[in-house]
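**Q** Take a look at this one; I'll ask things after.
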Amino acid sequence: MLVLDLVDQALRDMPIIIKIVRGSGQALSDTVTSLYSTNHSDGVIKGEFNLDEGQYTLFVTGEGVPPLHYEYPLRIQMTNYKDTFFTAVPYIITFLLLALFTDKLLKRRRTQH
């Protein structure tokens, strides 16, 4: 979900075009999505977009006189915590088993002496 807070009071009183483009800088490519908003007197524009991992550029254009143009880089990174957990499980189990065996070995040595 994208929430855009319009801090500039002038933007609240004019139609706004929001455009998300894949890429950043000179490497801009296809427009992923766009949104046109005319009613945002509270200064908040909300939109729900499904974006893949990668770099994007958010363009905000206020259609007024003079028109206002803003450009913001976006970087979408999603971590799959399930895969990360299952990758770490063998190491965690190995560590716990080593700790258990070390504890048992130390207790056995104490009882022998």
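Laboratory data are not the source of any read-out in this text; all were calculated from the coordinates shown. Because the structure is predicted, anything quoted here is derived from the model rather than measured. Here the Cβ positions follow ideal geometry from the backbone for every residue, glycine too, while neighbour counts run over all protein chains shown.
**Q** List every residue pair whose Cβ atoms sit under 9 Å apart, with the two residues 6 or more apart in sequence or on different chains, where the first one lies in segment 39-52 and is farther than 11 Å from Met1 by Cβ and the second, anywhere, is among the polar types (S, T, N, Q) and loosely packed, with under 14 Cβ neighbours inside 10 Å.
**A** Within 9 Å, the pairs are Gly43/Gln9.
**Q** Are any residues in segment 54-69 touching a Lys or Arg at 6+ places or on another chain (Cβ under 6 Å) and charged (D, E, K, R), and if so, which ones?
**A** none
**Q** Let me ask you something else. For the list (1) of a type in the set (S, T, N, Q); (2) without any contact (Cβ under 8 Å) to a residue 24 or more places away in the chain; (3) closer than 30 Å to Asp8 by Cβ, I need the number of the one condition that Gln55 fails.
**A** Going through (1) of a type in the set (S, T, N, Q); (2) without any contact (Cβ under 8 Å) to a residue 24 or more places away in the chain; (3) closer than 30 Å to Asp8 by Cβ one by one, Gln55 breaks only (2).
**Q** I would also like to ask the following. Between a residue in segment 77-94 that is closer than 16 Å to Glu53 by Cβ and any residue that is among the acidic types (Asp, Glu), which pairs come within a Cβ distance under 7 Å, given they are 6 or more apart or on different chains?
**A** As it stands, the answer is Gln77/Glu53; Met78/Glu53, since those pairs meet every condition given.
**Q** Also, I was wondering about something else. Could you grab me the full set of residues in segment 1-44 that are under 14 Å from Leu68 (Cβ atoms) and β-branched (Val, Ile, Thr)?
**A** Val7, Ile16, Ile17, Ile18
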